[in-house]
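Written out below as structure tokens is the structure these notes cover.
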Amino acid sequence: MAHRLIKDNQTTGVAIQDWTVLSYKTSILNSQEIDTASADLGIPIPEMIFGNNFLSIEHKSSGFKLEFKALPALAMVDQSSTSSDKIKVSYAREWFEKRSMANHEHITDVVKPYDWTYTTKYNGSNVSTSTTNKDRLKFEPTTEESIDIEQLKRPDPILFYDENILFEDELADNGTAVLSTKVRVMPSCLFILLRFFLRVDDVLFRIYDTRIYHRFGTNTVIRECSTRESSYLDTRARIPRSKGDDLSLLLDSNWISSQLPDQESYVEVLHLE
Amino acid sequence: MVLDLDACIESLFQRQLLAESVIKEICEKTKELLMTESNVVHIKAPVTVVGDIHGQFYDLLEIFKIGGYCPDTNYLFLGDYVDRGLYSVETISILTCLKLRYPERVQLVRGNHESRAVTSTYGFYTECMKKYGTSDVWHYFTDLFDYLTLSVVIDNMIFCVHGGLSPSIHTIDQIKVIDRFKEIPHEGPMADLVWSDPDPGREEFAVSPRGAGYTFGSMVVEKFLHENRMDHILRAHQLCMEGFQVLFDDQLSTVWSAPNYCYRCGNLASILEIGVEGERHFNVFEAAPENERPTPAEAQRALFSNGVPAGLFSNGGSNGAGVGGGGPNGSNGAMTFAGGANGSNGGIDATQDAIHYFL
């Protein structure tokens with residue numbers, strides 16, 4: 001399959017058939033950009049915010065284009081009044097009790113509630129511009145289509161591979177929250193994994209995955225989304241005994257992913273014109 | 001054997017790790033020295049202030065090149081020496097040696113990463129195990145961390161701390177009475193000093209939505225400075241793209257000294273040079289040039305040399321392209337947790353490893 005690799009300063013990618021896959025990486029946002037983004041979103045921005053990075057796939061003849069970016073993902077972080085009550089750091093109770101003893105109850109000012117774990121169900125920004133009908137090029141629920149995992153397991157040559165971190169925050173050293181993309185393009189198909197990975201030390205693990213799959217020559221793009229989570233202790237108990245006190249598996253999102261039970265998932269399909 | 005500190009410092013500058021027994025002795029002696037320091041150390045300008053380094057040893061070498069070497073330049077380090085970068089052991093080894101060798105000219109403040117709990121998750125513990133084969137070195141250093149001072153005051157004018165202010169602390173004297181010789185607690189003034197962050201959008205203290213920790217606003221800064229007759233707060237702790245940030249009408253500065261943080265953020269770093277008149281100059285710099293870093297093979301060896309405290313350059317000098325420099329967010333950035341899913345290569349040139357067949 002004829003393809004052309006794309007590489008300039010900050011962009012890498014591949015053009016294959018009627019498709020263009022691009023990954024753009026640059027530095028974290030500067031203070032001014034952070035102030036603007038924070039004001040727009042209404043929440044503090046994660047410590048490492050690659051707000052200008054993106055992964056995009058575009059299908060020229062249909063006008064289909066899907067992008068993955070940090071700021072639209074952060075716009076979906078829960079800001080409801082109870083959003084910051086759902087998960088607290090492991091020592092929050094102790095902290096509040098001792099604080100009362102120190103007579104700091106007068107400090108009642110809590111930063112406007114938001115989900116400080118930056119959990120997001122973002123599954124990409126559909127920025128398609130259909131030339132014929134703007135109601136086309138939308139993802140619709142399906143029970144008939146699914147991603148061809150067997151094909152993806154074949155060791156076909158990979159023409160283009162890339163990883164791109166969109167944001168990362170270590171939750172003031174209480175864990176980690178990372179949103180990142182991976183993409184691989186093979187002669188027969190392209191495949192994307194957008195993953196939100198959360199570890200709150202001594203509290204929980206959570207993985208929200210979005211997978212995008214297109215087999216070249218077909219007219220469908222498939223999107224599968226899943227949400228999974230498990231308590232920190234249950235997950236830690238799954239570390240093989242042979243590892244002893246070595247907890248480094250808990251830092252490996254791939255291992256965590258292999259251990260978390262499925263909770264909820266759905267499949268969508270989009271028809272190219 | 002008599003401890004030869006100059007030789008230790010020299011070999012660290014040559015990227016040679018110290019033997020475990022030497023580290024033990026240095027940590028013991030440094031503890032004795034630090035025990036005599038107050039929770040608030042008073043020093044005089046001129047002094048060069050360094051923020052978070054996080055194991056980016058090659059950038060620390062760059063700092064000495066830019067800011068001058070000890071003892072010609074006085075240094076105040078604001079904590080977070082270890083974790084995340086690849087060379088926490090080298091970084092804390094050289095800083096400890098310099099402190100012991102030039103106690104009046106080098107000040108080391110405690111950061112939130114100078115703690116057993118945090119270093120067991122964020123890299124320092126793993127690095128010690130990989131470079132020495134046992135956790136002993138980690139124990140020596142983390143025991144030493146309990147002795148580091150909490151704050152420094154420059155010329156009675158500038159209050160320096162790793163994180164920020166605490167609602168339990170109104171005066172400098174209240175810091176002096178903290179029992180600091182212990183692991184950093186989750187709560188209380190000692191925790192606040194190493195953890196809290198300024199919030200330019202508020203006036204008072206506020207509780208973080210995480211359920212622990214404070215942010216402090218403009219009135220808090222104003223009151224603290226007024227009450228203690230000072231004119232500036234200087235702290236580290238927060239990554240910023242520009243390498244420094246000045247807030248609250250020039251009453252508070254953040255200095256950040258880890259360029260291209262975690263080998264992928266693409267940020268600048270700075271050191272803050274404070275002159276005898278109290279004038280402040282941020283000396284901004286980028287990540288150390290790649291040709292001054294170890295080659296990929298050398299970086300790997302440094303990480304995987306189990307039980308062998310060999311130097312980073314045990315096989316000779318450094319040549320060729322470096323690792324760990326990388327571009328912003330570069331796919332060749334070596335990761336903190338070696339052996340994890342993130343290898344030292346990637347991108348479009350190496351596409352047949354198992355890692356590329358993610359599902």
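Every number in this text was worked out from the coordinates using simple rules, so none of it is lab data. The shown structure was predicted, so the numbers you read here are calculated from the model rather than taken from an experiment. Because the Cβ atoms are built from the backbone with ideal geometry, glycine has one as well, and the counts that use them run over all protein chains shown.
Cα gyration tensor of segment B:21-285, axes a ≥ b ≥ c as square roots of the eigenvalues: rounded (a/c below 1.5), prolate (a/b > b/c) or oblate?
rounded
Nothing charged except the Cβ atoms of Lys and Arg (+1) and of Asp and Glu (-1): what's the magnitude of the dipole of segment A:1-122 about its Cα centre? Round to the nearest 20 debye.
400
How many Cβ atoms of partner chains, on average, are near each residue of A:247-259 if near means within 10 Å of its Cβ?
That works out to 3 on average.
Can you give the average number of partner chain beta-carbon atoms within 10 Å of each beta-carbon in peptide A:25-38, as a whole number?
Average neighbour count from other chains, rounded to a whole number: 4.
Using R₀ = 51 Å, calculate the FRET efficiency as 1/(1 + (r/R₀)^6) where r is the Cβ-Cβ separation of A:S130 and A:S258; round to 0.05.
Efficiency, from the Cβ-Cβ distance: 0.85.
Between B:D353 and B:A19, what FRET efficiency comes out of the Förster formula 1/(1 + (r/R0)^6) with R0 = 60 Å and r the beta carbon distance, rounded to 0.05?
The pair B:A19/B:D353 has a calculated efficiency of 0.95.
Can you tell me the FRET efficiency between B:D143 and A:F96 if r is taken as the Cβ-Cβ distance and R0 is 35 Å, rounded to the nearest 0.05?
0.70
Within segment B:106-192, which chymotrypsin sites (Phe, Trp or Tyr not before Pro) sit in a loop by DSSP and count at most 12 neighbouring Cβ atoms inside 10 Å? All intermediate terms of the calculation are to be shown ahead of the outcome.
Numbers: sites: B:Y122, B:F124, B:Y125, B:Y132, B:W138, B:Y140, B:F141, B:F145, B:Y147, B:F159, B:F181; in loops: B:Y122, B:Y147, B:F181.
Passing sites in segment B:106-192 are B:F181.
Between 0 and 90 degrees, rounded to the nearest ten: what's the tilt of helix A:92-101 against the longest Cα principal axis of chain A?
It is inclined by approximately 30 degrees.
HN-Hα J couplings of segment B:76-86 from phi, Karplus 6.51/-1.76/1.60, θ = phi - 60°, integer Hz, Gly and Pro as x?
Once θ is set to phi - 60°, the couplings for segment B:76-86 become 10, 9, 9, x, 6, 7, 10, 6, 6, x, 8 Hz.
Where a ≥ b ≥ c are the square roots of the eigenvalues of the C-alpha gyration tensor, would you call segment B:1-104 rounded, which needs a/c under 1.5, or, failing that, prolate if a/b is larger than b/c, or oblate?
Rounded is the answer for segment B:1-104, as its axis ratio a/c remains below 1.5.
Kindly express, to the nearest 10 degrees and within the range 0 to 90, the angle between helix A:31-41's C-alpha long axis and the longest C-alpha principal axis of chain A.
90
Among all the lysines, which ones have a C-alpha under 24 Å from A:K65's C-alpha, if same-chain residues fewer than 8 places away are not counted?
Qualifying lysines at Cα under 24 Å: A:K7, A:K25, A:K121, A:K134, A:K138, A:K182.
Using only alpha carbon pairs under 8 Å that are at least six residues apart, calculate the relative contact order of segment B:21-285 and give it in whole percent.
21
Around B:G79, which amide H atoms from residues at least 5 apart in sequence, or from another chain, sit under 5 Å from its own amide H, with H modelled in the peptide plane?
So B:G79 has HN proximity to B:V109.
Could you state the number of Å between the C-alpha centres of segment B:112-161 and segment B:217-235?
Comparing the Cα centres of segment B:217-235 and segment B:112-161, I get a distance of 27 Å.
Considering chain A as a Gaussian network with a 10 Å cut-off on Cα pairs, which listed residue, A:H104, A:H214, A:H59, attains the greatest mean-square fluctuation?
Comparing A:H104, A:H214, A:H59 in a Gaussian network model of chain A, the most mobile one is A:H104.
Return, ordered by residue number, the residues of segment B:78-122 whose backbone nitrogen is under 13 Å from a label point located 7 Å along Cα→Cβ of B:K29.
The answer is B:96-103, whose backbone nitrogens lie closer than 13 Å to the label point.
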